[in-house]
1. Assuming 0.36 nm per residue, please report the length gained on full extension of the stretch Asp110 to His56 beyond their Cα-Cα distance.
2. Probe radius 1.4 Å, ligands and nucleic acids left out: which of His69, His108 has the largest accessible area, and how do the rest follow?
3. Which whole-Hz ³J(HN,Hα) couplings does the stretch 17-34 yield from phi under the Karplus relation 6.51 cos²θ - 1.76 cosθ + 1.60, θ = phi - 60°, glycine and proline marked x?
4. Positive end of the dipole of the stretch 63-122, charges at C-beta (+1 Lys, Arg; -1 Asp, Glu), about the Cα centre: which of Gly121, Ile86, Phe65 has its Cα farthest in that direction?
5. At 0.36 nm per residue, minus the direct Cα-Cα distance, what do Arg156 and Val131 gain on full extension? Give it in nm, one decimal, please.
6. If I take the Cα coordinates of the stretch 57-101 and project them onto the principal axes, what are the three extents in Å, biggest first?
7. If you plug each phi of the stretch 84-95 into the Karplus form 6.51 cos²θ - 1.76 cosθ + 1.60 with θ = phi - 60°, what whole-Hz ³J(HN,Hα) values come out, in order, with x for Gly and Pro?
8. For Val120 and Leu144, what is the calculated FRET efficiency with R₀ set at 25 Å and r taken between the beta-carbons, to the nearest 0.05?
Amino acid sequence: MVRAIVVPADPDEPLRELDTSVPDAVGTAVGGFMEAVDLFDLGITIYVNESGLLQHLPFNSRVSFLWWHYALGGRRHSTLVGDAVIVGLTDEDGADTEVPSETWELLHTDAAYLVEVRLVGDGQWQVGLPVWLDYWDSLMWATLLLEQIPGANATRVVPAEPHEDDIAAA
């Protein structure tokens, strides 16, 4: 069994685990024929409904911003719609693999993140959005800031570090 993550198009619905050993589990979860989008930096493949745009399925903001953040070529060209399924990249035989544990934790952990921006000609990362957000919202802001800040050439999402005031208050 390959453990997969279902990312509903409705952002208010939680992620859920999918047992891919059930025949056509992924196709059923995405509602039809599958289209694969690989994100090599995270070691994952995102499956979406191949004809989702033609069927007018709802925009899936979580996987779209995940894709746009890690695969810059996808930004401005397309959106991912409908429920999505995330698995690990395929093995040498073309079979899906487990989602890497670091990516599984990243997508499931309820933690706070900051968005940092790097400007052209500046090797330093700067806080681009000085608020703590969950991972999914941080991806959205990282993508938007890259588009909107003049001279920005990169963004990243990093875990928020607790400040001394926060530790003392705890």
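1. Numbers: separation 54, 0.36 × 54 = 19.44 nm, distance 3.09 nm.
Contour length minus the Cα-Cα distance gives 16.4 nm.
2. Working: His69 30, His108 80 Å².
The residues order as His108, His69, largest area first.
3. My calculation for the stretch 17-34 gives 8, 10, 8, 7, 6, 6, x, 6, 4, 5, x, 5, 5, 8, x, x, 5, 9 Hz in order.
4. Gly121
5. Numbers: separation 25, 0.36 × 25 = 9.00 nm, distance 1.41 nm.
Length gained, Arg156 through Val131: 7.6 nm.
6. 32, 22, 20
7. Those phi angles translate into 10, 10, 10, 10, x, 4, 5, 8, 5, 8, x, 8 Hz.
8. Numbers: r = 18 Å, r/R0 = 0.72.
Efficiency for this residue pair is about 0.90.
The values are calculated or read from the model by the stated rules, or taken from the named source; none is laboratory data. A quick note: this is a predicted structure, and the numbers were derived from the prediction, not measured. We place every Cβ from the backbone using ideal geometry, glycine too, and count neighbours over all the protein chains shown. SASA here: full protein model, heavy atoms, side chains in, ligands and nucleic acids out. Shrake-Rupley method; radii C 1.70, N 1.55, O 1.52, S 1.80 Å.
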